[in-house]
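Report on the following structure.
The values are calculated or read from the model by the stated rules, or taken from the named source; none is laboratory data. Worth saying up front: this structure is predicted, and the values here are computed from it rather than measured. When we count neighbours, we look across all protein chains shown, and the Cβ atoms used for this are built from the backbone with ideal geometry, even at glycine.
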There are 2 protein chains.
Amino acid sequence: MSRQNLRDRIYDTLIQRIRAGAFGWDDRYVDVSVAAELGVSRMPARDALMRLAAEGYLVPTTRGFVLPRLTPAEILEVFELRRLLEPRAAALAARAMTGGVLAVMEKAVEDGTAAVIAGDGPVLFTASELFRNAWLSVVPNRALVQSIRRYFVQVQNVRLITMREEHTLAVIVEGQRDLLAACRARDAVAASDRMLRFVIEGETAFRRSIPGE
Amino acid sequence: MSRQNLRDRIYDTLIQRIRAGAFGWDDRYVDVSVAAELGVSRMPARDALMRLAAEGYLVPTTRGFVLPRLTPAEILEVFELRRLLEPRAAALAARAMTGGVLAVMEKAVEDGTAAVIAGDGPVLFTASELFRNAWLSVVPNRALVQSIRRYFVQVQNVRLITMREEHTLAVIVEGQRDLLAACRARDAVAASDRMLRFVIEGETAFRRSIPGE
DNA sequence: CTGCCAGAAAAAGAATACATTTCAAGAAAT
DNA sequence: ATTTCTTGAAATGTATTCTTTTTCTGGCAG
C-alpha cells in the first residue's frame, strides 16, 4: 500500500528498518542523509523523522536521530505495562478470532518452531512479529492496540538481547503455541492467562540477563 | 516556560487554546494563517500543527486541521484502556506520594469544589488537569504515565461534553477528594479501587449522554 | 430547474536557500 | 602535559518559492 506522499513513504521505510533491527544503537539518522539516500528533499525526510520521534521510536539529539537507549529500569517499566495491557488484548483477540488470522498465526508458529530447532534467532524474530501483528489485528479496541504498538519497538529491542539464550527461544514458541490453541478454541480466559504468564516469563528472562542484578 | 525554537512556542500557544476550549468544532487551523498571526513562516507553524495531529489533539484534513470528532465507540475504547491502566497508576502514586505533590492536589480539590458550587465547568476543567498532572508526576513508571498521557487528550474532550451536567461535576470532585485521601494515607489499595470506580462512573455518565444508546 | 463540467482558488506537499546552534578537534597558553 | 579558547564543520531551525492536489463555485447544457 504505497501512500501518495513522500513523507509517509519514508516513514514506512524507516519504521520497517527500525523494526527489523537493521538500525544500530550507534547509528544516527540525519535528515539530509535520509533524503539523499531515498532521493527526496530534506522536508519529507525531516517530517518522517520528527514523527518517529514524536511516537517514541527515535529520540532527537542535536546530532541526529538515534534509537532510545533504555536502562534496565525503563525496560522493566515496559514489562509492567505489558502485564496490564496484553492479557486483556489477548482475551479480546481470542474472542474475536477469525479463520484467516488463525492461519497466519499457525504459519508463524510453524516457522518459529523450525527456527528454534535451527537455533536461528533472526528468523524467530520475524516470525514473532508476524504472529503478534496477526492477533493484534483482530483486537476490537484500536486505542488498546495503539498503546501496545507504541511500546513494542522497545520490547523487540529487548528480545534481540534475550533471544541469544537457547532456553528463551523455546519459551517464546511455546507461548505462541499455547496462545494459538486458546485463540483456536475462542477461549478468552485461557488466552489472558497464558499471555500474562508469557509476559512474566519474558520479564524473568530479562532480569536474569541484567549483569548487576 | 518560553522555549527557544519557534516550533515549540507555537505548539504551546495552540495547545493552550485547544485546552481552553477557545477552538470550536467548525474552526480550522491552516498553517499560513497560524504563521501570519504569530509572525513566523509556514514551517514552524506546520511543524507544530503536525505534532498536534500526531498526538491526537487535531486531525489533518485536506482543508486545514480540525478538532477530532470521536465516535462514541472510540471513546468507549479509551475507557477500557483507562480501566486497565489508571487504577495501577493511582496505586503506584499513592505509595510514592510526597508532601509537595499532596499540597498541589489539595489546592486543586479546593478550587474544584469552589467551581462545582459556582457551577463553573471551565474552572473545574483546569483544576482537574492540575490534579491529574500532580499525581501522575509521582508515578514511578514513566512508560505507564506516557501511555496514560497519550490518550488523555481525548478524555478531556469527552469531559468537556459530559461536564455540562450538574451531577457529573460533583462526581468528579468527589472522586478527587477520595483519591486525595487515599494518597494522603499512602493507601495503594484504596487508591486503586477508587480510581477504578471513578473511571467506571465516568464511563457510565458518558453512556448516559449517548443519544442512541 | 437541475446536474455536470471546467476553471479558479485555497491549502498542503515538496524543494531549495539561508540562518542558527552545537559539538568537537586543534591550537595556544599556562 | 593539561586545560581552555577558538574556529569550523555538521546538523538542526527557519524562510521562501514552486508544484500538486482538492474543493468550491459559476456557468452551461440538458
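Here is how the numbers come out for the structure above:
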| read-out | value |
| --- | --- |
| Selection within segment A:32-66 - more than 10 Å from DNA strand C (Cβ to nearest atom), part of a helix (DSSP H, G or I) and under 21 Å from A:GLN146 (Cα atoms) | A:LEU49, A:MET50, A:ARG51, A:LEU52, A:ALA53, A:ALA54 |
| Extreme residue, nearest to the other protein chains (Cβ to nearest Cβ), among residues of segment B:20-53 that are charged (D, E, K, R) and away from DNA strand D (no atom under 11 Å from the Cβ) | B:ARG51 |
| Which numbered condition B:THR61 fails, given (1) within 12 Å of DNA strand D (Cβ to nearest atom); (2) under 21 Å from B:GLY175 (Cβ atoms) | (2) |
| Sole exception among (1) at pLDDT 95 or above; (2) more than 20 Å from the chain's Cα centre (by Cα); (3) over 22 Å from B:GLY56 (Cβ atoms) for A:ARG83, by number | (2) |
| Only one of B:ASP31, B:ASP27 that is under 20 Å from B:GLN156 (Cα atoms) and among the acidic types (Asp, Glu) | B:ASP27 |
| Verdict on A:LEU14 being more than 12 Å from DNA strand C (Cβ to nearest atom), out of contact with any Phe, Trp or Tyr (no Cβ under 6 Å at 6 or more places or on another chain) and within 14 Å of chain B (Cβ to nearest Cβ) | no |
| Wholly enclosed helices (runs of 4 or more DSSP H) of segment B:121-213 bearing at least 3 residues of a type in the set (Gly, Ala, Ser), surrounded by 18 or more Cβ atoms within 10 Å (Cβ to Cβ) and away from chain A (no Cβ under 14 Å) | B:121-137, B:188-209 |
| Members of segment B:80-97 that are more than 7 Å from chain A (Cβ to nearest Cβ) and either on the phi > 0 side of the Ramachandran plot or part of a helix (DSSP H, G or I) (or both) | B:ARG82, B:ARG83, B:GLU86, B:PRO87, B:ALA89, B:ALA90, B:ALA91, B:LEU92, B:ALA93, B:ALA94, B:ARG95 |
| Among the candidates A:ARG17, A:ARG69, residue that is closer than 15 Å to A:VAL153 by Cα, away from DNA strand D (no atom under 13 Å from the Cβ) and either modelled with pLDDT of 95 or more or in a helix (DSSP H, G or I) (or both) | A:ARG17 |
